[in-house]
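First the structure, in the form of structure tokens, and then the observations on it.
Bear in mind that the values in this text are calculations on the coordinates, not laboratory data. Small disclaimer: the values here were computed from a predicted structure and weren't measured. Here the Cβ positions follow ideal geometry from the backbone for every residue, glycine too, while neighbour counts run over all protein chains shown.
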Amino acid sequence: MYVRKTQTLITDIEHEVYKMQQSAISKLTSENNVEIGTPLHAEIKTAIENTLWQLAPDLKDKMPKEWLSDETHVMVDFPSDEHRTVRYNFGSQTGDELKIPPHFRRWDDVHISQKYWTPLIQEWLSSQHNAEVERQKIVDSYHTISSQLTSFMAKHASLNTALKEMPELELYVPNSYIEKVNKKEERVKATPSVPTTHDDTEVDVEALTRAAIAHRVSTASE
């Protein structure tokens, strides 16, 4: 089937690129999460509480539990003169909740000064800074891919001709479009009156379809 190039097609291709970008970023982010129950989680919790109670540290363990804030998550900032501020949504552990002073405003960030950074926290912050660098590389890389594909598609009036020139494009085109393109090719092959062709486009479409599906399945499982 002839698939005309439309703005919707271009937008859908850009969205596929964006989904790949977000998948790569998500994997990078998950590797730097603070898992509840780990020593790092405990040390960040202590740093948060020391910061919140620094004006009256003796009250932290004396104030009745029912007087404390019932917030279970706080947004934490680790400001630094050398790097960008690291922000993290910290969640407390059931049975070991954060001791947060009364009247704490949930929309306020907790700014953890360097005096509360333990070696373990500093190591984690270093990994966060490195992850930010890698994240930017990922964003830049997929931005380039998106721009190149958009520019490439500008030369073509249809998806069919674009795929013929660059079969690898299929990796970035939603399956619904590919199914339309392949539908015509399958019908042509089954019609006796039409000569059988063996051009690279047809062969590559079938092979690359399998590769694209395998790629998407493996990406979805990460």
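Can you list the residues, at least 5 places off or on another chain, whose amide H is less than 5 Å from the amide H of residue 158, using H built in the peptide plane?
5
Enumerate the amide H contacts of residue 110 below 5 Å, restricted to partners 5 or more residues apart or on another chain; note that Pro and chain-start residues carry no placed amide H.
75, 76, 77
When only DSSP loop residues count, what GluC sites (Glu not before Pro) in the range 118-158 have their Cβ near at most 13 other Cβ atoms within 10 Å?
In loop regions of the range 118-158 (DSSP not H, G, I, E or B), there are no sparsely surrounded GluC sites (Glu not before Pro).
Figure the gain on full extension for residue 154 and residue 84 (residue separation times 0.36 nm, minus the Cα-Cα span) and round it to one decimal in nm.
Answer, rounded to one decimal: 21.4 nm.
Can you compute the modelled spin-label distance between residue 75 and residue 31, with each label point 7 Å from Cα toward Cβ, in nm?
The answer from the label model is 2.7 nm.
Would you mind computing, in nm to one decimal, how far apart the modelled labels at residue 126 and residue 114 are, each placed 7 Å from Cα along Cα→Cβ?
Each label point is offset 7 Å from its Cα along the Cβ direction, giving 1.5 nm.
Tabulate in residue order the Karplus-calculated ³J(HN,Hα) for the range 110-122, using 6.51 cos²θ - 1.76 cosθ + 1.60 with θ = phi - 60°, rounded to whole Hz; enter x for Gly and Pro.
9, 8, 8, 6, 4, 5, 9, 7, 7, x, 5, 5, 4
Counting other C-beta atoms within 10 Å, and keeping those with at most 13, which DSSP coil chymotrypsin sites (Phe, Trp or Tyr not before Pro) do you find in the range 1-86?
2
Here is the link list: 5/183; 19/137; 62/115; 45/99; 60/99. Which ones come out longer than 19 Å on Cα distance?
Among 5/183; 19/137; 62/115; 45/99; 60/99, the Cα-Cα distance tops 19 Å for 62/115.
List the residues, sorted by chain then number, that are 5 or more residues from residue 100 or on another chain and whose placed amide H is less than 5 Å from its amide H.
69
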